[in-house]
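Enquirer: Before I ask anything, here is the structure I am working with.
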Amino acid sequence: MKKIFISSIFIALFLTGNVQAQKRGMQGGKPQGEGTIEGKVIDKNTGDFVEYANIVLLKMNDSKMITGTVSDEKGVFKLFKVPFGFYKMTIDFIGYNKITIDSIKVTPRNQPVIIPDIYLKQSIRQLEGFEVIADKAAFEYKIDKKVVNVSQDINAAGGTAADVLENIPSVEIDIEGNVTLRGSGNFTVLINGRPSVLEGSDALQQLPSSSIENIEIITNPSAKYNPEGTAGIINVILKKEKENGLTGVFNASAGVNDKYRTDILLNYRTSKLNFVTGFNFRDDNYLMDRNTNRETYDADTTYFLESTSDRNMSRGGWSVKTGVDWNITKKTTIGLNGTLGSYGRSMGGETSSKEWTSPVTESYYNFSTNNTPRERNYYNTNLNFLHKFDKKGHKLEGYLYYSYRWADNSETNQEWETDEFWHIIDDPYKSIKTSEISKSDRIRVQLDYTKPIGEIGKFEAGFQSRFDNENEEYLFYEIDPNNGWVNNPLFSNEMDYSRTIHAAYGIYANELFGIGYQFGIRGEYTNRLTSLSSTNIDYSINRFDYFPSVHFSKQLNKTNQVIASYSKRINRPRGWSLDPFVSYIDENNRRVGNPDLKPEYIDAYELGWNKRLKKGFVSIEGYYRIKSDIISRVFEFNNEEGYVLHTFENLNKDYSLGSEVMFNFEPVKWLTFNLSGSIFNYRIKGELNGENIDRESTNWNTRLNSTFKFSQFTRLQFQAGYRSTSVTAQGSRKGNLSTNLALRHDFLKRKATVILQVRDLFGTMKRDFTVENDTFYEHSVMQRESQIVQLSFSYRINNYQIKKDKEGLQENGGDEEMYY
């Protein structure tokens, strides 16, 4: 009932505005004759569609305004009920030169009036003797997504996709580089609309920002998309040159304390073929420290632990990619591409700890070392197909995707007894080594069909099959004085995990009474099997799920738009969270999965408004998310062994009700700033081990991004963001402040760029969190090195940039291309 009630409110809001518009349209009587004017707006430099371009129709004789509208996400605009007569039209948008089209004749014989494609050119203005080219907006709001234009983020230069997202109100990144979208780390990462061989934060940390054109954040996807992921989809669109010939870009960066990155991207295009190849390398090392205080309560005794850790973390890897597109005909294109690479994330360090009890006993001192190298090797290949029929928008496309990855992750721990000054007394009393060897492969098959219906309507349908297989072997070793490391089979295990999902969807979109709508439904059948060698027990699931989606949009006038949507999503547990075998983390922590975990189900509602200003925009988004059977990491203290057990449980529900606001403005020619923020109320309801865990908090964050243009070639960018305190299922996390500064200079006729940047300018980035219940309390503070200075260099081969021929679209006659 709650879903129906909220959806009814959204629909009522649209219908109320539309009825009032209809009443106003009837005043003054019915016109004698009316027609329709249609057209499309395209960026002359890039060939991309220009959304939200302002279209104004004026009388030819006295320039009196008759009507107006804005272009949609495909650059298309339509003016209805235009009285017969002679007119002129103006088309403009932020950062482009204004265009005026004269002598537009609307008569009964030329219906509808089709305006030839309109190409807007980036505006160039003179400022104190300098030629200044207008920048593309850093953020763009489209009907179903937010788009981040990577080229406008100087602080992300030499970084990764995760660094680009650091300035988005929906996204938060902690000191270890873990990404969350609207408070959830569970989201789907796509690359050019295709699956990524890596997942979540790992995928975003591996993609160099220099290879990215833009990033799309889709928080309420339609039924066409895979419903996996609590928070939605992050789709990374890679750069792809549109001009014939050889072009490319080379980037390199170096930072203090051994941080190195480099990449190169080459593109060769002819009228029929497009070849792309690239390479990237990353080796980033960070120093960290962590302080922990723990108390556990057992009858009349309290156990205390204090520890201090000096740690080092590294992220690195490399990848090689290559691919080709073949325009077989003007309407048919196929593409084949592949990637080979390796991704690593390692952690190591030393820990000094003190343990005692109350009532007071003698204190116990301990020194330990930990080394955890983790490396994943992978390759993937993707075969794409696109055929466009005669009618514009009528198309059939599909792809076949295969990926394979393998990893050998190990962890070595040694512990020594020490005196009160942590001087080692004897040989290590505990030496443990674990190894996780995993292999996995994935197959994706997808086919999508789109058919236009009438002037505005559209029907879409398709299917997808997913085949996932994974084998993981966990080996536990102990030191033997005579034979070295010896495997202990009692603590070793092997798990096989397989999952098959078959899905089909249908979507219908059209417009009624000036309200754009889209209804979709998706059905998925899941077969999951988990097998353990240590117990010879199989855990299986067979189930069918359905996922509806609803989207509405209403253009109130040429600068104001309202958008509303609903979708149902799912978060299925991963293989490692299902494994019931206890694995070793360190001397004070163990981890175990839960084979009885059920999927999370998410109902997501959104309502948004955006307004275009003369020199910017303002947008407000409200959202309400209900998550059932939430999968939460929980902590249990084992009194007998003296360690904390990390596991997973399905709790009851959580609720997020919030709003995001963004304001972009250019008050003067040399200054642009973007101010954004979000506030949301978060509630958890449920029980854990018979204990009520109902919690609630109001969370907020804010971000400021300011760019100062000193000259045609030099600019300075400052970023600041604050993240407030929040609750978790068993505790809380304190807020933190982040600040970044970057200076950019272009030279060699803009072929080369050098950027100097400082990240965490004031050393305030840290993770401060508390976990507690009736028998356990822990407070930990982790901080990464600060004032990270980095120098980046970029060189564009043949002045590499994304652009089209002067005539607009390429010879293949289409506005869509296969993606890598």
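The values are calculated or read from the model by the stated rules, or taken from the named source; none is laboratory data. If you're wondering where the values come from, they're calculated on a predicted model, not measured in any experiment. Because the Cβ atoms are built from the backbone with ideal geometry, glycine has one as well, and the counts that use them run over all protein chains shown. Ligands, DNA and RNA are excluded from the accessible area calculation, which covers all protein heavy atoms including side chains. Shrake-Rupley method; radii C 1.70, N 1.55, O 1.52, S 1.80 Å.
Enquirer: Hey, what D do you get for the range 437-484 in µm²/s if you plug the Kirkwood alpha-carbon radius into Stokes-Einstein at 10 °C and 1.306 mPa s?
Expert: My calculation gives 100 µm²/s for D.
Enquirer: I'd like the projected area of the range 375-427, averaged over all directions, using the convex hull of its alpha carbons. Report it in nm² with one decimal.
Expert: Across all orientations, the range 375-427 yields a mean hull projection of 8.1 nm².
Enquirer: Further question: Taking 0.36 nm per intervening residue step and subtracting the Cα-Cα distance, what contour gain separates Asn257 from Asp102 on full extension?
Expert: Net length gain for the segment: 49.6 nm.
Enquirer: Of the peptides 444-457, 535-548, how do they stack up when ordered by the mean number of other Cβ atoms within 10 Å, highest first?
Expert: The peptides rank, most packed first, as 444-457, 535-548.
Enquirer: For Trp422 and Met60, FRET efficiency with R0 = 60 Å and r from the beta-carbon atoms, rounded to 0.05?
Expert: Result of the calculation: an efficiency of 0.10.
Enquirer: Would you mind computing, in nm to one decimal, how far apart the modelled labels at Thr301 and Glu34 are, each placed 7 Å from Cα along Cα→Cβ?
Expert: According to this spin-label approximation, the distance is 8.5 nm.
Enquirer: Keeping all protein chains in place, calculate the accessible area per residue for the range 408-535 (probe 1.4 angstrom), answer in Å².
Expert: It amounts to 51 Å² per residue over the range 408-535.
Enquirer: Sticking with this one: If you take the square roots of the eigenvalues of the alpha-carbon gyration tensor of the range 187-318 and sort them as a ≥ b ≥ c, do you get rounded (a/c under 1.5), prolate (a/b over b/c) or oblate?
Expert: oblate
Enquirer: How many Å² of accessible area per residue for the range 624-716, probe 1.4 Å?
Expert: Solvent-accessible surface per residue comes out at 48 Å².
Enquirer: Could I ask something else about it? Less than 13 Å Cβ to Cβ from Leu340, Lys/Arg counted +1 and Asp/Glu -1: what total charge do the surrounding residues give?
Expert: Cβ neighbours under 13 Å give a net charge of +3.
Enquirer: Further question: So how much slack lies between Leu400 and Val592, counting 0.36 nm per residue of separation and subtracting their Cα-Cα distance, in nm?
Expert: Gain in length upon complete extension: 65.6 nm.
Enquirer: Provide the three semi-axes, in whole Å and in decreasing order, of the ellipsoid equivalent to the range 274-362 as defined by the square roots of 5 times the Cα gyration tensor eigenvalues.
Expert: Sorted largest first and rounded, they come to 57, 16, 7 Å.
Enquirer: Pull up all non-local amide H partners of Leu556: gap of 5 or more, or a different chain, and H-to-H distance under 5 Å with H placed in the peptide plane.
Expert: Gln561, Val562
Enquirer: Now for a different question. Tell me whether the range 502-644 comes out rounded, prolate or oblate; compute the Cα gyration tensor, take square roots of the eigenvalues as a ≥ b ≥ c, and use a/c under 1.5 as the rounded threshold.
Expert: oblate
Enquirer: Considering amide H positions built from the backbone, and no H for Pro or chain starts, which residues 5 or more places from Asn594, or on another chain, come under 5 Å of its amide H?
Expert: Leu578, Asp579, Phe648
Enquirer: Distance check, please: which entries in Lys74/Lys451; Lys239/Lys669; Lys44/Lys145; Lys78/Lys611 exceed 21 angstrom between their Cα atoms?
Expert: Lys239/Lys669; Lys44/Lys145
Enquirer: What is the packing order of peptides 415-424, 330-339, 384-393, 602-611, taking the mean over residues of other C-beta atoms within 10 Å and listing the highest first?
Expert: Answer by packing, highest mean first, reads 602-611, 330-339, 384-393, 415-424.
Enquirer: Residue-wise, which Karplus ³J(HN,Hα) couplings in Hz belong to the range 265-272, taking 6.51 cos²θ - 1.76 cosθ + 1.60, θ = phi - 60°, and x for glycine or proline?
Expert: Result, rounded to whole Hz: 10, 10, 9, 10, 10, 10, 5, 10.
Enquirer: Can you give the local net charge around Val113? Use residues other than it whose beta-carbon is closer than 12 angstrom to its beta-carbon, Lys and Arg +1, Asp and Glu -1.
Expert: +1
Enquirer: Which peptide among 694-700, 189-195 comes first, and what is the full order, when sorted by highest mean count of other Cβ atoms within 10 Å?
Expert: 189-195, 694-700
Enquirer: On a full-extension model of 0.36 nm per residue, what is the gain between Arg750 and Asn798, subtracting their alpha-carbon distance, rounded to one decimal in nm?
Expert: Working it through step by step, the gained length comes to 16.2 nm.
Enquirer: Return the FRET efficiency for the residue pair Lys451, Lys611: r is the Cβ-Cβ distance, R0 is 30 Å, and the value is rounded to the nearest 0.05.
Expert: According to the calculation, E is roughly 0.35.
Enquirer: Rounded if a/c is under 1.5, else prolate if a/b is larger than b/c, else oblate: which is the range 211-274, with a ≥ b ≥ c the root eigenvalues of its Cα gyration tensor?
Expert: oblate
Enquirer: Determine ³J(HN,Hα), in whole Hz, for all residues of the range 709-724 in sequence, where each value follows from phi through the Karplus function 6.51 cos²θ - 1.76 cosθ + 1.60 and θ = phi - 60°; x replaces Gly and Pro.
Expert: With the stated coefficients, the range 709-724 comes to 9, 6, 7, 4, 10, 10, 8, 10, 10, 10, 10, 9, x, 10, 10, 7 Hz.
Enquirer: Apply the Karplus curve 6.51 cos²θ - 1.76 cosθ + 1.60, θ = phi - 60°, to the phi angles in the range 694-705 and return the couplings in whole Hz, x for Gly and Pro.
Expert: Per-residue couplings from phi come out as 4, 9, 8, 8, 9, 10, 8, 8, 9, 9, 10, 10 Hz.
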